[in-house]
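Reading through the C-alpha cells given below for one structure.
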Amino acid sequence: MNIIKVKNYEDLSRVAADIIAEQIKTKPDSVLGLATGSSPIGTYENLVADCKAGEISFKDVKTVNLDEYSGLSGDNVNSYRYFMNYNLFDKVDIDKNNTHVPNGTGDSVEESKAYENLVASMGYADLQLLGIGNNGHIGFNEPCDDFPAATHSVDLTESTIQANSRLFDSIDEVPRKAITMGIGTIMKAKKILLIAGEGKADIVEKSVYGKVIPQVPASVLQLHPDVTVVYIP
Ligand code: GLP
C-alpha cells in the first residue's frame with residue numbers, strides 16, 4: 001500500500017487529482033470509478049481546471065459511480081447523480097452517455113443486478129476513487145458480518161444517516177437505503193485511490209494497519225495489490 005500523508009485539504013485534492021490525471025493521460029479511454037461526499041469535491045475542481053487548461057480530456061473516459069441513494073432521482077439535488085453532474089460531468093468534455101450511476105428509483109434488486117453486469121461488461125474500473133465513512137464504510141458498504149461481493153441494496157446505519165444529514169434540510173429527508181457497488185466490485189478495480197480529509201485519520205489508520213474484518217469495511221483494501229491512500233494525519 002502506498003500511503004501519502006498531506007497537510008491540508010488543498011494538498012489532498014491536488015495529489016488525488018494528479019493521480020487521476022496521470023491515469024487519463026496514460027489511458028485516455030480509462031474506466032474511472034468515482035465517489036461522492038465532501039472529500040472528492042476539491043479533487044474534481046482540480047480535474048475541471050486541468051481539463052479547461054487542455055492538460056487532460058475526458059472525451060473517451062467512461063465512469064462508474066460507487067453508489068446512489070434509494071428513492072432519489074437524478075434531478076434531486078441530494079442524489080449522487082446530481083452531485084456528479086454538478087461537480088464534474090457538466091464542467092468537462094465527457095460524453096454523459098459514458099457516465100454511470102446506479103439508478104435509485106427502480107426495483108433495487110433488479111437495478112443492483114443490472115449495475116453489476118454493466119460494471120463487469122466495462123471490465124471494472126481502471127482506477128477507483130474512494131472516500132471513507134466515519135465507521136469505515138466504502139461506497140455504502142456498511143460494517144457487517146461478511147464482505148458483500150456484488151452491487152446490492154443496503155440499509156444505512158444510524159451513524160451514516162446522522163453524518164450525511166448535514167447535506168439535507170432535515171435528518172428525516174435522508175434516505176434509509178442505498179444501492180452500492182459491493183466490496184467485490186470495488187476490489188476488482190485495477191487500482192484504488194482512497195482519500196480522506198480532516199477528522200478521518202483514526203478510521204484510516206484502523207483500516208490500513210488494523211485487522212482485515214468486515215466490521216471495518218475499508219480494511220479489505222489491505223488485500224488489494226495496488227492501493228494508494230492519501231490522508232491528513
Ligand atoms: C457517503 C458516501 C461515501 C463517502 C462518505 C464520506 O456516505 N456514500 O462514498 O466516502 O459519504 O463522505 P465525506 O467525504 O463527505 O466524509
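The values are calculated or read from the model by the stated rules, or taken from the named source; none is laboratory data. Fair warning: this is a prediction, and the values are worked out from it, not measured in the lab. As a convention, Cβ positions derive from the backbone with ideal geometry for all residues, glycine included, and neighbour counts pool all protein chains shown. These accessible areas exclude ligands, DNA and RNA; they are computed on the full protein's heavy atoms, side chains included. Shrake-Rupley method; radii C 1.70, N 1.55, O 1.52, S 1.80 Å.
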Relative contact order (percent, whole number), segment 143-233, Cα cutoff 8 Å, 6+ residue spacing: 33 percent
Residues with amide H under 5 Å from that of Ile4, placed H, sequence gap 5 or more: Val229, Val230, Tyr231
Length-normalised contact order for segment 1-85 - Cα pairs under 8 Å, 6+ apart - percent: 29 percent
Selection from Val64, Pro28, Asn164 lying farthest towards where the dipole of the chain points positive, charges on Cβ: Pro28
Accessible area expressed per residue, segment 92-233, with surrounding protein chains retained (probe 1.4 Å, Å²): 44 Å²
Rounded percent of accessible protein surface that carbon and sulfur make up, the chain, 1.4 Å probe: 51 percent
Loop trypsin sites (Lys or Arg not before Pro), segment 1-101, which have at most 11 other Cβ atoms in a 10 Å radius of their Cβ (DSSP): Lys7
Percent of alpha-carbon pairs separated by more than 20 Å within segment 94-166: 41 percent
Lys206, Lys211, ranked by accessible area, largest first (probe 1.4 Å): Lys211, Lys206
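Highest mean first, how do 118-128, 30-40 rank when packing is the count of other Cβ atoms within 10 Å averaged over residues?
Highest to lowest by the protection proxy: 30-40, 118-128.
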Local electrostatic count at Ala163 - Lys and Arg +1, Asp and Glu -1, tallied over other residues with Cβ under 12 Å: 0
The chain - percent relative contact order, Cα under 8 Å, separation 6 or more: 26 percent
Distance from segment 152-167 to segment 1-40 (C-alpha centre basis), Å: 25 Å
Segment 16-153 - Rg over Rh from alpha carbon coordinates, Kirkwood radius: 0.95
Diffusion constant of the chain at 25 °C, which comes from Stokes-Einstein with the Kirkwood Cα-pair radius and 0.890 mPa s, µm²/s: 140 µm²/s
Coil-residue GluC sites (Glu not before Pro) of segment 51-121, DSSP, other Cβ within 10 Å capped at 14: Glu55
Solvent exposure of segment 1-48 as accessible area per residue, Å², 1.4 Å probe: 44 Å²
